[in-house]
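Shown next, in structure tokens, is the structure this report addresses.
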Amino acid sequence: MSIDSVTLEVIRNACIAIAEEMNANLIRTGYSPNIKERRDCSCAMFDADAELISQAENMPVHLGAMPFSVAAAIDRYPPETLEEGDAIILNDPFRGGAHLPDLTLVTPIFVDGDIVAYAANRAHHADIGGARAGSVAADSTEIYQEGLRIPPVKLFAGGEVNEPVMEMILSNVRTPDERRGDLRAQEAANQTGKRRFTELVEKYGVETLTEALAEIKDYSERRMRSEIESLPDGTYSFEDVLDDDGAGNENLPVVVELEVDGDSVHVDFEGTAPQTDGPINAVFAVTASATYYAVRCVTDPDIPPNHGCYRPIDIHAPEGTIVNPTLPAAVVGGNLETSQRVTDVVLGAFGNEVPERVVAAGQGTMNNITFGGTDPRDDSPYAFYETQGGGFGGRAGKDGMDGVHVHMSNTMNTPIEVLETAYPLRVTRYELRQDSGGAGEFRGGLGLRRDIQVRDHHATFSLLAERHRSTPYGLAGGDSGGNGAAYLIDGDEEKLPEKSTHVLEPGEIVSVRTPGAGGYGDPDERDPEAIARDLRLGKVSSEFARDHYDYED
Amino acid sequence: MSEERRVGVDIGGTFTDIVTIHDGTVNVSKTPSTPSNPDEGVINGLTKVSERDDFDPSEIGFLAHGTTVATNAVLEGEWADTALVTTEGFRDVLEIGRQARPDIYDFQVEKPTPVVERDRRYEVHERLDERGNVLTELDEDGVRDLAADLVEADVDSVAISLLYAFEDDSHEQRVRDILADEGLDATYSLSSGVLPEIREYERTLTTALNGSLKPVMDRYIGNLESKVEAEGVGAELKIMQSNGGIITADIARERPVNTLLSGPAGGVQGATYVSGLSGESNLITMDMGGTSCDVSLVEEGTPLVSTDTEVGDYPVSVPTIDIHTVGAGGGSIAWIDAGGALRVGPKSAGADPGPICYGRGGERPTITDANLLLGRIDPGAFLSGELDVELEDVRRTVEEEIADPLDMSVTEAAQGILDVANANMARALRVVSVERGYDPREFGLVAFGGAGPLHACKLAEELDIPKVIVPRTAGVLSALGLLISDILYDYSTSRVRPWADVSPADLHSQFDEFAAEGHERLDSEDLDADAMQFERTVDLRYAGQAFELSVSVPEGDLDAAAMETIAERFHERHRQRYGHAYPEEPIELVTIRLRARGVVETPDLRPAETGGSVEAAVSDTREVVYDGEPTETPIYDRDALPIGSSFEGPAVVSGVESTVVIHPGQRVSVDDFGSLHVEVNQ
């Protein structure tokens, strides 16, 4: 190693700062609440070999999948065909994307005529066309129904917007003004990355920088390998299910076998359900992203996340399954729901061997809801998308967190006051769900209840959720978490299928109840004071306490 | 008013600093802080200066105080038992927060503890819509029943945060009135008063924090006031707020959440003032102490203000000087991580045991130890025959813990520790400058705090900052800041409307309403009308965005042309901050703000002429290492440097409060106020 460890640390910090600044700009100039309020977006820097060097940590599902986007962009436009001022957009899940609403923009960074790095960001747009407003339909059976499919294509060329491509995109979406604003914010974020990285090159020179970036990746790889080496060698396996695919196919197995061999891990999804008609197929990039995330969490969260972290992990996902589907599979929920189950099984497999390094299953879903229609206040079309947090798994030594996004998601909620100002909807209830957390020495986190009412118009509503029938598993003797549910409230309550689309009448309320998480450790071992505290705070009812704990009132 | 004696008292972690101004003369004093009973430190300090300067405490005409009481209460979670009242269906908003977890890869991470626990959160039946229209009338009988529950629960403080209370506060007021009428003996915080702005979680959290801090602040100020009074001080006690303005102690009791960054804000104010005396008004301030480094940016003499500052785990949305903190202080510990990389901080040895060289039992190498090994600090300052520590101990520890594992010499290791620490601080300096759209090349770096001047000249070089300023009073700038800061009261209300639909007359009358309140307030503090200023701003964004930019509103009556000017200012701000603007896009109004300012007379800080010469100020020479190069360096005695003199680096300027390291090729001059100005090579 010829570059000293101090310069290395300085350059590594600078690369993280670049991704973070890109991210701050994207959020602050984005237009759709999904980006600006919920932060459903991610930014990262890649080196000239298109390998990840730094990221701003928003959305885990984006982060491990973005390298596939950069690779696909370069595959279509090899470096010699790119020019200063170009930027490539894509969302095609079968060519570097994850699902259609996620638009990824890749910008090459030139110094003296050569590409030295790429700035990239991904944002979940609130609509990208297709059969249902919001483009998170639960009833698609082919990707062609899910929205506009964009292969890698130059959205910017020589510094100018490629208007025909922009028009093509805007003509296919329900809320074009919002899309244009978000795309501009994405472009501005990459420009920030470009400016800052160029400054770094000016300071250190291409040669030193290239060497430093290589070493930064090697460093993460070394730490990752030494962590993996500390796990017992052997084969770990686990199996869980997805409730259904929305098209009538139920209890779809997701199966994993991990082989820990010295300082590397081989992950095999053989035995997982064949790809299905419903929109829950996760393309390989998504499966890989979920796997990388899980392995990273059981090692050391302090390891700088970059390409080096991925090197010790080798993944086999059989083609034609829900973890590696082929065209024309519908995939929107693969990114949102199947990704969570992939995480659950990989962590579950580790949990059998080293439970103290993992957590009981979290809520295992993102509870996606979409409303669309025409806002009666100004007769403009709208598409509103959000996801909901739920229980985070009980852990060795601690209860799980209540009402948070778990694993592959980490978005924020839409503030009620912002939601109602922007859309013709009203939130009528938003609270923690008593008794939804799995019992254990350390209780699983509670799920949420969020009720949303349609105001003065007819709205289409899509629900795409999981764990309404299966439950998030407990760990080390803990009980499983409570199911999720959804109801249509119109005088009385009608239970809604977890993947379904409806037209709502004015005044009708959709009540989304999100799953709790699994508990950790034997419930009989729970500290009586913790039980008393849960009772006092109303997180557990006395009936539940009697049934699940060594408790009598 | 020049005969009035003005006193500022700032409580820091180690020392309580007192600055007095009388007849244009500034005097500085330090006494040890008394963390368990902070008011004692204040009284000790007052006694010390009154005895030293031979005056009677009754002669004090102005007494201002920077306090960490609220901050410490938040950091330690030791606040009053508070009840929270919310709109029916929403008592858990405070606990759910924004649903994101604080770290995505760390399974052991925790959400912040709710400020008010679930069994102390109550709901009332009522609801407004997004324009403040009543959808559901307030159930007053329900509120009366609630009063009985709250009496039973025996709470000291009640926070009330109802949806859209910033649009219409009548339900919140009514709830408070009924609870009070029903005999609930408590103090009240209304979200419409504390933070009348959109986004229910942030507003509710800020209101709940205010509620839980009120009894704490009330007790502290009550004690302090009676002790100060017992000393014979007649002046009303004033408190520094997080926004850099002074308020009365009574207002601080009502709004303790506005004082969370009271101390650091005083420092930024002091640094801004002293630098401004010599004509420097665009500044990056850097206050580096034992455990952390606070940085902020000052534009045209005004510190930038933010409304999303974090204190502990909590985002606090009241206007606060935009201070960014990194865990890099003199006591920050250097270590090698599992992958063999050199890291510095965030763990700190603090003041106790402190760095190894303090000789108080510290055993881990720190930034201060590295500075010592490189000759930047006088070894005699710490190491004495009486203590069982020798330079050799420091050297050996750095060798064992850092140099050997990295296969470096001890000097290289010490240099490495400083380089890594500087990289962390450089990142913080970038956050407040380039990330906010400001080019550091257009700013001066003001360094203060015990460790700031040791690092500033190197940092400036790395960030292409052309000049470093080290004020003469670098060790007591927070206390000095208390004496030169204006009295400030902020008024605001959210009104989310298309800018095109906002009538100039309505906007004007809202400003007038705020100005009348502000006038009354300042009047009650005996300010002359000509010392009052009213600054009007609006927070705007492109319709559809979520984050606003504050834009100043032209003076005088508002008409269509003024509205157009405001819009143009917004586009310009957006371009500056984000690199792009869309003049054709519609704009949206979000928040209307007025700041009432009572202008304070400021002192002349010119020190007495010392005479002498630069040559005579050299007290010693020592080998100091710069970028790995050992160089024989003159050591200057700061107090002996004549006004107006100048000299070249390498140099170390040694003073009572801090040590300044000037690198080879940098040029230093001493201005009329005794501040050092270091020109940094580009």
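No value in this document is a laboratory result; all are computed from the given coordinates. Here the structure is a predicted model, which means the values were calculated and not measured. Virtual Cβ from ideal backbone geometry, glycine too; neighbours counted across all protein chains shown.
Quick notes on this one:
- Annotation for the range A:359-428 versus the range A:28-54: alpha-carbon center distance of 20 Å.
- Each of A:110, B:570 was scored by other Cβ atoms within 10 Å of its Cβ. Listed from fewest to most, they are A:110, B:570.
- Cβ neighbours within 10 Å from other chains - mean over A:384-391: 1
- Taking the Cα centre of the range A:155-302 as origin and assigning +1 to Lys and Arg Cβ atoms and -1 to Asp and Glu Cβ atoms, the resulting dipole is close to 960 debye.
- Residues B:124, B:470, A:323, arranged from fewest to most other Cβ atoms within 10 angstrom of their Cβ, appear as B:124, B:470, A:323.
- Per principal axis, descending, Cα span of the protein assembly as shown in whole Å: 92, 75, 69
- The residues packed around residue B:43, meaning those with a beta-carbon under 14 Å from its beta-carbon, carry a net charge of -4 if Lys and Arg are +1 and Asp and Glu are -1.
- Kirkwood Rh (inverse of mean 1/r, distinct Cα pairs), the range A:5-220, angstrom: 17.3
- Taken over the range B:332-421, the ratio of Cα radius of gyration to 2.2 N^0.38 Å equals 0.99.
- Put a plus charge on the Cβ of each Lys and Arg, a minus charge on the Cβ of each Asp and Glu, and nothing anywhere else: the dipole of the protein assembly as shown about its Cα centre is then about 1480 debye.
- The range A:22-147: projected area of the alpha-carbon convex hull, averaged over directions, in nm²: 7.9
- For the pair the range A:534-551 and the range B:215-282, the centres of their Cα atoms are 47 angstrom apart.
- The mean number of partner chain beta-carbon atoms within 10 angstrom of a residue's beta-carbon across peptide B:121-130 is 2.
- Under the span-like rule (Cα at least 18 Å along the axis, Kyte-Doolittle mean at least 0.5), DSSP H helices of chain A: A:5-29, A:284-298
- Counting Cβ atoms of other protein chains within 10 Å of each Cβ in B:545-551 and taking the mean gives 5.
- Taking every DSSP helix (H) stretch of at least 4 residues in chain B, weighting each as -39,500 (n - 2.57) and dividing the sum by the residue count yields a mean residue ellipticity at 222 nm of -10000 deg cm²/dmol.
- With the charge dipole of the protein assembly as shown set up from +1 on Lys and Arg Cβ and -1 on Asp and Glu Cβ about the Cα centre, the Cα lying farthest toward the positive end among the listed residues B:240, A:406, A:294 is that of A:294.
- Cα centroid of the range B:27-66 to Cα centroid of the range B:179-214, whole Å: 34
- Rounded to the nearest 20 debye, dipole of the range B:245-334 from Cβ charges on Lys, Arg, Asp, Glu: 220
- Value in Å of the Kirkwood radius, where chain A supplies the Cα pairs that are averaged: 23.8
- Estimated vicinal HN-Hα couplings, Hz - the range B:87-99 in sequence order (Karplus 6.51, -1.76, 1.60; Gly, Pro = x): 5, 3, x, 10, 5, 8, 3, 4, 8, 5, x, 9, 6
- Phi angles across the range B:586-603 convert, under the Karplus curve 6.51 cos²θ - 1.76 cosθ + 1.60 with θ = phi - 60°, into 3J(HN,Hα) values of x, 10, 10, 7, 10, 9, 9, 10, 9, 10, 9, 10, x, 6, 9, 5, 10, x Hz, Gly and Pro given as x.
- Residues in the range A:231-246 carry Karplus couplings, in order, of 8, x, 4, x, 9, 10, 9, 6, 9, 9, 10, 9, 4, 6, 10, x Hz; the curve used is 6.51 cos²θ - 1.76 cosθ + 1.60 with θ = phi - 60°, and Gly or Pro positions show x.
- Neighbour counts of C-beta atoms inside 10 Å place B:499, B:335 in the sequence B:335, B:499, starting with the fewest.
- For the range B:79-210, the Kirkwood estimate of hydrodynamic radius, built from reciprocal distances between every pair of different alpha carbons, is 15.0 Å.
- Share antiparallel - DSSP beta bridges, chain B, percent rounded to 5: 70
- Projecting the Cα atoms of A:157, A:281, B:151 onto the charge dipole of the protein assembly as shown (Cβ charges, centred on the Cα centre) puts A:157 farthest toward the positive pole.
- Charge-dipole axis of chain B as Lys and Arg at +1 and Asp and Glu at -1 on Cβ define it, positive-most pick from B:499, B:544, B:102: B:102
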